[in-house]
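Everything below concerns the one structure shown next.
The values are calculated or read from the model by the stated rules, or taken from the named source; none is laboratory data. Worth saying up front: this structure is predicted, and the values here are computed from it rather than measured. Positions of Cβ are generated from backbone atoms using ideal geometry, with glycine treated the same way; all protein chains shown enter the neighbour counts.
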Amino acid sequence: MYPPKHHQETNNEKLIEVIKHFPLATIISVSDNQPIITHAPLIYKDGLLIGHIDKQNPHAHLLKNEKEVTLIFSGPQCYISPSIYSTEQLPTWNYIKVHVKGTVTEIIEIEKIKESMIEMTQYLEHDNAFILDKHNDKMAQFVNYVSAFKITPTHWEGKFKLSQDKNPEDINSAKQTLKNANKKDIDNFINQLF
């Protein structure tokens, strides 16, 4: 990732917060010089990233022991118009991205796979409206079709392009635009699709 110094984020705690708030990862592996890409939520726990995918996914055979993987997590993003600045600027795009490289270890024990699915559900169910029980009959059927894995991060890279090279007033304007645009754009987008 090309990161000018003022856009680099090296504080791992901030990078982990991005992952916690935006857990859907782009998972990238390479096979025969071709990228294999899957999108799946991952949870961060005890220094590891844990997830699962369908065993029929062609990516599953690459998410085994000691394989290298690259992950991309995407935070908020939007177009920044020069009209929001107090100084003369050009249009730009602000965004938050986290890249993680790591080594994959397959989770093969059925009870550990169930635990990872329960933890994922607990994490994503913010209001605990649904609690996944490890004795759930559907889980007993589903778990056999799941390939679960954990990733040990070996390299972290954050790019927070947030108009940091501007004056404080313009930085605040860009921050507010990013917040507002993401709320409005998501509402409009969802309404158009459904």
Take the conditions loosely packed, with under 11 Cβ neighbours inside 10 Å and on the phi < 0 side of the Ramachandran plot and apply them to Ile151. Does it pass? no
The lone condition Ser74 fails out of (1) among the hydroxyl-bearing types (Ser, Thr, Tyr); (2) more than 11 Å from the chain's Cα centre (by Cα); (3) surrounded by fewer than 18 Cβ atoms within 10 Å (Cβ to Cβ) is (2)
Only one of these is touching a Pro at 6+ places or on another chain (Cβ under 9 Å) and among the β-branched types (Val, Ile, Thr): Thr26, Thr38. Name it. Thr38
If I filter the stretch 47-54 for residues that are under 30 Å from Gln8 (Cβ atoms), touching a helix residue (DSSP H, G or I) at 6+ places or on another chain (Cβ under 8 Å) and either surrounded by fewer than 16 Cβ atoms within 10 Å (Cβ to Cβ) or among the aliphatic types (A, V, I, L, M) (or both), do I get at least one hit? yes
Please count how many residues of the stretch 35-46 are free of Cβ contacts under 8 Å to residues at least 24 places away in the same chain and surrounded by 13 or more Cβ atoms within 10 Å (Cβ to Cβ). 2
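Matching residues to (1) surrounded by fewer than 17 Cβ atoms within 10 Å (Cβ to Cβ); (2) in contact (Cβ under 8 Å) with a residue 12 or more places away in the chain; (3) touching a Ser or Thr at 6+ places or on another chain (Cβ under 9 Å):
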residue: Met117; (1), (2), (3): no, yes, no
residue: Lys134; (1), (2), (3): yes, yes, no
residue: Phe160; (1), (2), (3): no, yes, no
residue: Asp165; (1), (2), (3): yes, yes, no
residue: Asp170; (1), (2), (3): no, yes, yes
residue: Ala174; (1), (2), (3): no, yes, yes
residue: Phe194; (1), (2), (3): yes, no, no
Sort out which residues of the stretch 115-131 are among the aromatic types (Phe, Trp, Tyr) and in contact with a strand residue (DSSP E or B) (Cβ under 8 Å, 6 or more places away or on another chain), and write them in order of number. Tyr123
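Does the stretch 87-97 include one or more residues that are under 25 Å from His59 (Cα atoms) and either part of a loop (DSSP other than H, G, I, E, B) or touching a residue at least 60 places away in the same chain (Cβ under 8 Å) (or both)?
In the first step, residues of the stretch 87-97 are kept if they are under 25 Å from His59 (Cα atoms); the result is 97.
Add one more test, that the residue is either part of a loop (DSSP other than H, G, I, E, B) or touching a residue at least 60 places away in the same chain (Cβ under 8 Å) (or both), and what stays is 97.
Among the residues of the stretch 87-97, at least one is under 25 Å from His59 (Cα atoms) and either part of a loop (DSSP other than H, G, I, E, B) or touching a residue at least 60 places away in the same chain (Cβ under 8 Å) (or both), which makes the answer yes.
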Here are Lys138, Lys134: which of them is in a loop (DSSP other than H, G, I, E, B) and either modelled with pLDDT of 95 or more or within 24 Å of Gln56 (Cα to Cα) (or both)? Lys134
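From the list Leu24, Leu71, Leu49, Leu15, which one is touching a Gly at 6+ places or on another chain (Cβ under 6 Å) and under 29 Å from Ile186 (Cα atoms)? First the steps, then the outcome.
Values: Leu24 fails: touching a Gly at 6+ places or on another chain (Cβ under 6 Å); Leu71 fails: touching a Gly at 6+ places or on another chain (Cβ under 6 Å); Leu49 fails: touching a Gly at 6+ places or on another chain (Cβ under 6 Å).
Selected residue: Leu15, the only one of Leu24, Leu71, Leu49, Leu15 that is touching a Gly at 6+ places or on another chain (Cβ under 6 Å) and under 29 Å from Ile186 (Cα atoms).
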